[in-house]
Structure formats: C-alpha cells, structure tokens
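Undergrad: Structure in structure tokens, see below.
The values are calculated or read from the model by the stated rules, or taken from the named source; none is laboratory data. Please read all numbers here as calculations on a predicted model, not as lab measurements. Cβ placement follows ideal geometry from the backbone for every residue including glycine, while neighbour counts extend to all protein chains displayed. Please note that ligands, DNA and RNA were not included when accessible areas were found on the heavy atoms of the full protein model with its side chains. Shrake-Rupley method; radii C 1.70, N 1.55, O 1.52, S 1.80 Å.
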Amino acid sequence: MQNRVHTSASGEAAPGIRSASSDNRAAPATYPWLKAAAKRSRNIRSLRELAARRLPRGIFDFIDGGAEDEVTLADNSAAFGRRRLLPRVLVDVATADLRSDILGRQSGLPFAIGPTGGAGFVWPRGDLALARVAADNDIPFALSTTSAVSIEHMRERVDGRLWLQSYIFRQRDFTQKLISRALAADYEALIITVDLPVGGNRERDYKNDFSVPFKYTPRNFIDFAAHPEWVFTTLRYGFPTFGNLRDFTPSNDATRAASSVGRNYDASFNWDDLGRIRDSWPRKLIVKGVVHPEDADRLAGMGVDAIVVSNHGGRQLDGGPATLDALPRVKSAVGDRAAVYLDGGVRRGSDIFKALALGADAVLIGRTSLYGLAAAGASGVERAVAILREELTRTMQLCGATSIAQIDQRFLMPAQHQR
Ligand code: FNR
C-alpha cells in the first residue's frame, strides 16, 4: 500500500499512469454524436446523465461523490431549493446585462470556472477545454494544483484570465515554486485552498477501487470494458499526467508524485503561514474553503482580496453547513473589505441569482463544468455555460432585474414568510 493511495486520502489527485512528459497538444475535439447529445441537453441534470453514461463508474463517482454520508454534498444543492424568489413586475426587462465585476475587472458573466483536479481523466487535457470555454465567455478559469496541464502550458495555449489554485504541501519549497511559476506565467490570482489540511473520506472511491496509481482489479476491468469509447479516447490521447507535479519527487515521476500528494498536505499550515504567502504574492489573493464568519473577518483584515465560501463541494468535512446557508454571515463579517464568492451545488442560473441576492459577488462552478466536459469535451463545457447563461438571463427577466448589480435580497422571499 506504500504507493497506492485512494483518492479519498489523496485529495484531488487521480490515477497517474504514465510518467510526466511535455505535451504540446490541445484538448481533442469531440465526436459528433457526443456533441449532438450535449446540445440537446436542456439542463445540467441531463449533462450529468450523459457524464454518468460515458464515464466508467469509478471516474464518474470520483467527480460526483462527496465525503462519508454526503450530507453536506446534498445540502449544498438543497439550500438553493429552500429559498424562494420574490419577483417584481412591470419592469422593462427587454434586455438583461450579465456582465459583472470579478476581482476588479469586468467579466462576461457573474461566475468563474473553479479549480477541479483530475479533469484529464474526464476528457484528455480537459483543463485546456475548460479554460478555453472560460476565455471564450470572458470569465476567469482556475487551474488546479493537480491538473493534467501545467501552469506554463496553460498560459501558452489560453489567452484568458487565469488563476492558480494551490494546496499547501509539507514540501514548502515545492509550494513556493508553484507560486513563483504562476507569477512568471502571469497568472492574475492565486487561490489558497484551506479546507483540505487532510484528505476527505470519500467512500465511493474506496468502494470502486479508485486509487492513485490506478489499481488493475477485476472490478475496474469490467467497469472499463463497459465504457469502450472512454477507454479508446483515453488510450488514444494517452493517460493524463500531472503537469504541475514535476519536481514533486526527486525522480520527477508523475505517478509517484500523484500518489504521494495526498500524504503530503501540510496539516500544520496556519494563519502565520498564510500571512507569509500574502506578503510574498503581489497579485490578487483568494482564500477558498471558508464557512465561519470569524475566519472570514480575520482574512479580510489581513488583506485577502477575495474569500470563497466553500466546503469543497461536500468532498471534505461531511456535516458542515451548506455554503448558501453560510454565505450571509460571512458577507456581513467581511462587508466591503474583500469580495465574497460562493461555490457548492450551483446547477441552475437561478442558483447563481440566489447566491448573488444573498450577498455573493460572484460564483464558482465545479461539477457543473465537469459534467459538461465528461459529456462532450469542450462542446459540453460550452453547453453547460450556455445553459447557466440562458437560465440566469431568464431568471433576471422574470424577477425584474436588468443588471447583476441590481440583484440583492429584496428579490428573495424573507425567511419568516417562507412556509
Ligand atoms: C474539486 N475541488 C477542488 N478544489 C480545489 O481547491 N482544488 C482542487 O484541485 C479541486 N479538485 C476538485 C476535483 C473534483 C472532481 C471536484 C468535484 C471538486 C472543489 C471545487 O473547486 C469546488 O469547491 C466544488 O466542486 C464546488 O462544488 P460543486 O459546484 O461541484 O457542487
């Protein structure tokens, strides 16, 4: 078991099979039948169904699953269902402007594509597909530490707004190197994820024998055999490696690196350490994974530019609050000192509207973009973003809001009048 770590213990790493090699290629185009199916999808739920059909069960569960009993995972979505909109009528809503401010710059939409490691297992060089769609829609893209594509390769290929998400490893010099690479490659912002001092307990991954490196069990063979298109596509373009993890182990072997990532999160990382990162990173700093208002207050006080109210999509601590429920207290603790973003369970344009109404300055999407990616590569991601755009536009028009800045809590039914 030395080198064989389940993803639930290894955070977001997924099985690395080949050793790292430099890879200059773009994300491959999709097949026409996958593209057509994605185009027919009316909502994110249908993209998720396509993802479930195309991916081997182990890979689908890796993206879809959460920690332990998945109470927090389910509650992230349920919290949106608990809120009711309060529309205004007789407003001229012939046009709705979705442009908004994200980190002080205009963005085409009030959301960004958040960091998700292992996208390369969903689609070859999936990170590139995600980033391209983000750039085409004029929204930021956050590259995960455990992406298939490296910081530099991403910058060469995509001329959009790029953020780097970094975990903190015991090998502090490796973390520092990642940060310096992001600076050299002109990334706009650094996200430090703070809800993963240790890996979450993702039981679906154990059940599916999903581990790093990949385990060749009878279960996995049967699973793969039942998904020949995914196997063919993955083998054709090569199993993903972890572009950012070169230098992580002395041997520079991506498989070893990926397997040891989970054992090397630095559980001792604390406020002082974050303060040092704040001092050494001259650009925008985002801290992701906060639900407590006192933590948010302290972060705002130390000059962090944005705070992401997040529980890692219910993949870390199970039993914590839904992010939408945590948002109002975080917002009132932070005030205008820092931007407040939210992620977790966003599957509808109306979810984005509700988050903005409760005080979020913007939203990050996680699984929503991965379901699209799994369904049909970049075409599927494009479809996911288009669905959110269309739904948000319609929600704004039906509620009587014509710009993102107008959306506030007056568009929500006050809690005391809800049932
Ligand atoms: C994640 N997430 C994540 N977060 C992070 O900071 N670094 C990472 O590498 C990853 N990797 C990752 C992989 C996969 C497969 C998932 C589903 C999620 C968490 C992610 O950024 C975000 O917080 C959640 O996905 C938000 O919840 P929803 O939108 O997926 O419900």
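Undergrad: What number of residues within region 348-364 satisfy the criterion of being in contact with a helix residue (DSSP H, G or I) (Cβ under 7 Å, 6 or more places away or on another chain) and either outside any loop (DSSP other than H, G, I, E, B) or on the phi > 0 side of the Ramachandran plot (or both)?
TA: 11
Undergrad: Something else now. Which numbered condition trips up Arg329, out of (1) open to solvent by less than 20 Å² (accessible area, probe 1.4 Å); (2) part of a helix (DSSP H, G or I)?
TA: Single failed check for Arg329: (1).
Undergrad: In region 100-135, which residues are on the phi > 0 side of the Ramachandran plot, modelled with pLDDT of 95 or more and within 12 Å of the ligand (Cβ to nearest atom)?
TA: Selection gives nothing.
Undergrad: Answer yes if at least one residue in region 136-159 is away from the ligand (no atom under 15 Å from the Cβ), open to solvent by 10 Å² or more (accessible area, probe 1.4 Å) and of a type in the set (Gly, Ala, Ser), and no otherwise.
TA: So far as region 136-159 goes, no, none of its residues is away from the ligand (no atom under 15 Å from the Cβ), open to solvent by 10 Å² or more (accessible area, probe 1.4 Å) and of a type in the set (Gly, Ala, Ser).
Undergrad: Continuing with the same structure: Are any of the residues in region 359-367 more than 15 Å from the ligand (Cβ to nearest atom), farther than 19 Å from Asp138 by Cα, within 21 Å of the chain's Cα centre (by Cα) and open to solvent by less than 20 Å² (accessible area, probe 1.4 Å)?
TA: Yes, region 359-367 contains a residue that is more than 15 Å from the ligand (Cβ to nearest atom), farther than 19 Å from Asp138 by Cα, within 21 Å of the chain's Cα centre (by Cα) and open to solvent by less than 20 Å² (accessible area, probe 1.4 Å).
Residues checked against (1) outside any helix (DSSP H, G or I); (2) touching a residue at least 12 places away in the same chain (Cβ under 8 Å); (3) among the acidic types (Asp, Glu):
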| site | (1), (2), (3) |
| --- | --- |
| Phe62 | no, yes, no |
| Thr72 | no, yes, no |
| Asp75 | no, yes, yes |
| Ala78 | no, yes, no |
| Gly81 | no, no, no |
| Val89 | yes, yes, no |
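Undergrad: Residues that are in a loop (DSSP other than H, G, I, E, B), under 18 Å from Pro124 (Cα atoms) and touching a residue at least 24 places away in the same chain (Cβ under 8 Å): does region 162-183 have at least one?
TA: Within region 162-183 (the criterion being in a loop (DSSP other than H, G, I, E, B), under 18 Å from Pro124 (Cα atoms) and touching a residue at least 24 places away in the same chain (Cβ under 8 Å)), the answer is no, since none of the residues qualifies.
Undergrad: Here is a further query. Of all residues in region 285-307, count the ones that are part of a strand (DSSP E or B) and touching a helix residue (DSSP H, G or I) at 6+ places or on another chain (Cβ under 9 Å).
TA: The total comes to 6.
Undergrad: If you go through region 150-203, how many residues are under 14 Å from Asp273 (Cβ atoms) and among the polar types (S, T, N, Q)?
TA: 5
Undergrad: Check whether at least one residue in region 151-160 is part of a strand (DSSP E or B) and at pLDDT 95 or above, and report yes or no.
TA: No, that holds for no residue.
Undergrad: So, in region 314-326, of the ones that are open to solvent by less than 10 Å² (accessible area, probe 1.4 Å) and near the ligand (Cβ under 9 Å from one of its atoms), which residue ends up farthest from Ile404 (Cα to Cα)?
TA: Restricting to residues being open to solvent by less than 10 Å² (accessible area, probe 1.4 Å) and near the ligand (Cβ under 9 Å from one of its atoms), the top hit is Gly314.
Undergrad: Looking at region 384-404, can you tell me whether even one residue there is part of a loop (DSSP other than H, G, I, E, B) and not hydroxyl-bearing (Ser, Thr, Tyr)?
TA: yes
Undergrad: Please go through region 184-208 and give me each residue that is open to solvent by 30 Å² or more (accessible area, probe 1.4 Å) and part of a helix (DSSP H, G or I), ordered by number.
TA: Once the filter is applied, which keeps residues that are open to solvent by 30 Å² or more (accessible area, probe 1.4 Å) and part of a helix (DSSP H, G or I), region 184-208 yields Ala184, Glu203, Arg204, Tyr206, Lys207.
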